[in-house]
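Read the structure below first, then the notes.
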Number of protein chains: 2
Amino acid sequence: MTDKSQTTLAFLPPDHPDFLLDDYPLYNLNRTSWTYMDEMGKVLKAVDVDAPTWRVLTLLGDRNPSTVTELSQRTVTKMSTITRILIRMEKDKLVERKSSPTDSRVTEVFITDKGRMVLEKLKVIAGRMYRTAFEGFSDSEINTMVQLLRRLRENLTRSPYLE
Amino acid sequence: MTDKSQTTLAFLPPDHPDFLLDDYPLYNLNRTSWTYMDEMGKVLKAVDVDAPTWRVLTLLGDRNPSTVTELSQRTVTKMSTITRILIRMEKDKLVERKSSPTDSRVTEVFITDKGRMVLEKLKVIAGRMYRTAFEGFSDSEINTMVQLLRRLRENLTRSPYLE
DNA sequence: TCAATTTACTTGATTATTCACGTGATTTGT
DNA sequence: ACAAATCACGTGAATAATCAAGTAAATTGA
């Protein structure tokens, strides 16, 4: 008697006849993430900031300057896309782009004073959303979630998609 | 002596001076979700299917027919957007749209035989990705993740953004 | 009953994103 | 040393998504 698989998955995979979408982990992952972005989008609209701008400002708050490549990777967005986002952010005086002095292929993106002011307001908004989102969660639950998400991402990036 | 907050959050909120982005749960949520979609996008491209098409087919595999509103809500996408997606899917003979006989405001979306055939192939691809994504996870860990994501989404949708 | 709302989309115009390609700068290999 | 490869973008053209407005059908309330 042989097992069907070496590692039993808690939920049936999409190609299983009894697959149940509403229980599917990756469906729940996406739907939750998009719901979050949808809700953030609404409150951001109220202060006239779009989601990509908020995300870039947040990254620059974390690491200033950042390169275009870094921003692209950490937002999981095509480089050409964030180039465009940066262009309109520069028009709005939220960031400045300067060619790196050490490697003139790379563009360093700096947050401006105005950008920093906007970011401070956005942080308060994001903080409120965070508290709402994790209401009723214990510290260890939040911790667990972060660890699980990290491991999941590592699995997804390591060995892109071996056959 | 008073506590700083009633419920202690495991990770500091965005508006805290010692905030650390790489540990932030919602940043990890989005980055993981987008990484997943990015990887899926690559393998889907190889079979010439775009991500929105795949998602709609998956929903129709789960519930056929679905209404435009259902598809919009379950994908967390603006209705006008999925209307467009459905138009191009109909052009590709993957779905059919019919006005509901009981309520002629609603459009029922049916998967076609061709759509079902394409979906079967996509399910195999999605299954491979799923196994890769959760490699090394125990059943209970996967279970935990689904429960946490569900609770998070409930928090995000209930009382949209009080204050 | 019938005017006012609400619901469930659809569509035209606008905006955003991505693809494919190009450019100039650095690295690599011999 | 120097040709070939790679890297880090930027850009024009194409595609996709969103907003605002509109339509037709159902529902609500006086």
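Each reported figure results from applying straightforward, stated rules to the coordinates on display, with no laboratory input. Keep in mind the model is a prediction, meaning the values are calculated, not measured. In this analysis, Cβ positions are derived from the backbone assuming ideal geometry, glycine residues included, and neighbour counts consider all displayed protein chains.
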Which residues, counting only those in the range B:108-132, are within 17 Å of B:Asp38 (Cα to Cα) and not charged (D, E, K, R)? B:Leu122, B:Ile125, B:Ala126, B:Gly127, B:Met129, B:Tyr130, B:Thr132
Close pairs from the range A:61-74: first within 16 Å of A:Arg105 (Cβ to Cβ), partner small (Gly, Ala, Ser) and within 12 Å of DNA strand D (Cβ to nearest atom), Cβ under 8 Å, at least 6 apart: A:Thr67/A:Ser100
Give the range A:26-49 a look and list any residue that's more than 8 Å from every other protein chain (Cβ to nearest Cβ), of a type in the set (D, E, K, R) and either away from DNA strand C (no atom under 16 Å from the Cβ) or more than 26 Å from B:Arg150 (Cα to Cα) (or both), or say none. A:Asp48
Residues that are away from DNA strand C (no atom under 11 Å from the Cβ), crowded, with 16+ Cβ neighbours inside 10 Å, assigned to a helix (DSSP H, G or I) and not hydroxyl-bearing (Ser, Thr, Tyr): does the range B:2-17 have at least one? no
Qualifying position, being more than 9 Å from every other protein chain (Cβ to nearest Cβ), within 8 Å of DNA strand C (Cβ to nearest atom) and either among the polar types (S, T, N, Q) or closer than 23 Å to B:Val124 by Cα (or both), among B:Ser72, B:Ser66: B:Ser72
Go through the range A:89-116 and give me each residue that's more than 12 Å from DNA strand D (Cβ to nearest atom) and surrounded by 12 or more Cβ atoms within 10 Å (Cβ to Cβ). A:Asp92, A:Lys93, A:Leu94, A:Phe110, A:Ile111, A:Thr112, A:Lys114, A:Gly115, A:Arg116
Pull up the range B:75-88, narrow it to residues that are away from every other protein chain (no Cβ under 14 Å) and more than 8 Å from DNA strand C (Cβ to nearest atom), then point me to the one that is surrounded by the fewest Cβ atoms within 10 Å (Cβ to Cβ). B:Arg88
All-but-one check, B:Ala126 against (1) within 13 Å of DNA strand D (Cβ to nearest atom); (2) within 10 Å of another protein chain (Cβ to nearest Cβ), failing number (1)
Answer with yes or no whether A:Gly136 is without any contact (Cβ under 8 Å) to a residue 12 or more places away in the chain and away from DNA strand C (no atom under 16 Å from the Cβ). yes
